[in-house]
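The block underneath contains the structure these notes are about, expressed in structure tokens.
The values are calculated or read from the model by the stated rules, or taken from the named source; none is laboratory data. Computed from a prediction, not measured in an experiment: that's the story for all the values here. Cβ atoms come from the backbone with ideal geometry, glycine included; neighbour counts cover every protein chain shown.
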Amino acid sequence: MQMSDQKEIAAPPAEVYAALLTPEVLKACVPGATEVTGSPEDGFEATVTQKVGPVKATFKGQVTLSDLVPGEKLTIAGEGKGGAAGFAKGGAVVSLAPSEVGTLLSYEVEAKVGGKLAQLGSRIIDGFAKKMADQFFVNLQTHLAPEGEESEVEARASERKKGWFKKITGA
């Protein structure tokens with residue numbers, strides 16, 4: 001499976017970069033994470049419980065970081081085993097660039113799954129991976145946004161919704 005996307009995050013690149021290297025932030029942002037320990041230098045160990053289609057499993061895995069360029073780029077490689085459910089392994093290249101909102105985060109992921117997970121089919125796996133990535137970035141934005149302050153990204157989305165509603169109702 002391959003996936004790439006870009007997300008706007010309302011925080012400066014240095015802050016986003018630091019958040020991506022902090023176990024507590026990762027635990028708060030990764031959907032289903034129950035434990036994340038380690039450091040950027042030694043790598044992280046994580047426990048994540050997820051349900052993919054009919055398969056629910058707890059994955060234990062290791063993540064290593066390389067090509068660290070503070071505030072700009074990092075490469076992630078990881079592998080997790082979920083017992084009878086199977087395994088997942090892969091990597092991602094994450095790039096950060098200043099933007100009007102704060103940071104434009106771009107990522108390219110390549111992953112492989114095996115076991116019962118692989119039997120679900122690529123359509124289910126791809127949809128699940130996209131949903132997990134989207135939820136991670138929503139959680140990251142929420143974590144980085146100041147208390148009680150709507151992010152510029154959320155404000156733009158809200159304005160688009162209001163504009164659409166206004167066109168239909170004429171209000």
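Tabulated data for the structure shown
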| quantity | calculated |
| --- | --- |
| Residue match in the stretch 92-114 (condition: of a type in the set (K, R) and under 20 Å from L26 (Cβ atoms)) | no |
| Residues of the stretch 123-135 that turn out to be in contact with a strand residue (DSSP E or B) (Cβ under 9 Å, 6 or more places away or on another chain) and touching a residue at least 12 places away in the same chain (Cβ under 8 Å), as a count | 8 |
| Filter result (at pLDDT 80 or above and surrounded by 14 or more Cβ atoms within 10 Å (Cβ to Cβ)) within the stretch 131-171 | M132, A133, Q135, F136, F137, V138, N139, L140, Q141, H143, L144, A145 |
| Failed condition for P98, given (1) closer than 25 Å to G115 by Cα; (2) modelled with pLDDT of 95 or more | (1) |
| Of all residues making up the stretch 113-122, the number that are part of a helix (DSSP H, G or I), in contact (Cβ under 8 Å) with a residue 40 or more places away in the chain and surrounded by 14 or more Cβ atoms within 10 Å (Cβ to Cβ) | 2 |
